[in-house]
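Beneath this line is the structure, given in structure tokens, with notes to follow.
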Amino acid sequence: MAEPQIPAIDVKLDRIDLAILRELQSDGRLTITELAERVNLSKTPCHARVRRLMDDQIITRFQAVVDHVKLGLGHVAFVQVTLSDTRASALEDFNRAVTVLPQVEQSHMIAGAFDYPLKVRSADIADYRRMLGEDIAALPHVANTSTFVSMEAVKEGAAPAE
């Protein structure tokens, strides 16, 4: 049997690249001029670095960070999901189905006492209860769930370390 191949990651990031990433993660709407000033570069090399980070797929997309409370989605719950079947086809079924639920902000397959933690947004606890019963419990192969309600977001998002 052949050894599994681990792809080599051949991307070299220096302190300026990391500074660019931190600044863009903090404010993705910065102009190249503003970004160049913040990372102490002129515009042309700064633009070239941003382009390279995009070409190398270090920067994969830009998106708006919205105020979920103002959108009526201020209730956050974390749901531990345990599946009744963890064969490859069951995992694929669950993965495919969970990605189409707009209320599920994040889903991760993990190794541990349960299979998936989900980060779910809803209007309030009643809306969440409906969603749990109608949508999450109806996902393929869900055996049981356990819910943890967020009382306060202390930190969301991350920037790369220097």
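The values are calculated or read from the model by the stated rules, or taken from the named source; none is laboratory data. The structure presented is a predicted model; accordingly, all values stated were derived computationally and were not measured. Quick reminder, even Gly has a Cβ in these numbers, built from the backbone with ideal geometry, and neighbours come from all protein chains shown.
Of note:
One line per residue, one yes/no per condition, for (1) farther than 28 Å from I59 by Cα; (2) surrounded by 12 or more Cβ atoms within 10 Å (Cβ to Cβ); (3) among the hydrophobic types (A, V, I, L, M, F, W, C); (4) in contact with a strand residue (DSSP E or B) (Cβ under 6 Å, 6 or more places away or on another chain):
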position	(1), (2), (3), (4)
T82	yes, yes, no, yes
T86	yes, yes, no, no
N95	no, yes, no, no
T99	no, no, no, no
V104	no, yes, yes, yes
G112	yes, no, no, no
S122	yes, yes, no, yes
D135	yes, yes, no, no
F148	yes, no, yes, yes
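- Residue in region 27-34 that is touching an Asp or Glu at 6+ places or on another chain (Cβ under 7 Å), surrounded by 11 or more Cβ atoms within 10 Å (Cβ to Cβ) and in a loop (DSSP other than H, G, I, E, B) present: yes
- Search result, residues across region 59-71 that are modelled with pLDDT of 95 or more and either more than 30 Å from L35 (Cβ to Cβ) or surrounded by 14 or more Cβ atoms within 10 Å (Cβ to Cβ) (or both): I59
- Options A64, A90; residue that is touching a residue at least 40 places away in the same chain (Cβ under 8 Å) and of a type in the set (A, V, I, L, M): A90
- Any hit, region 124-132, residues being β-branched (V, I, T), closer than 25 Å to L71 by Cα and surrounded by 15 or more Cβ atoms within 10 Å (Cβ to Cβ): no
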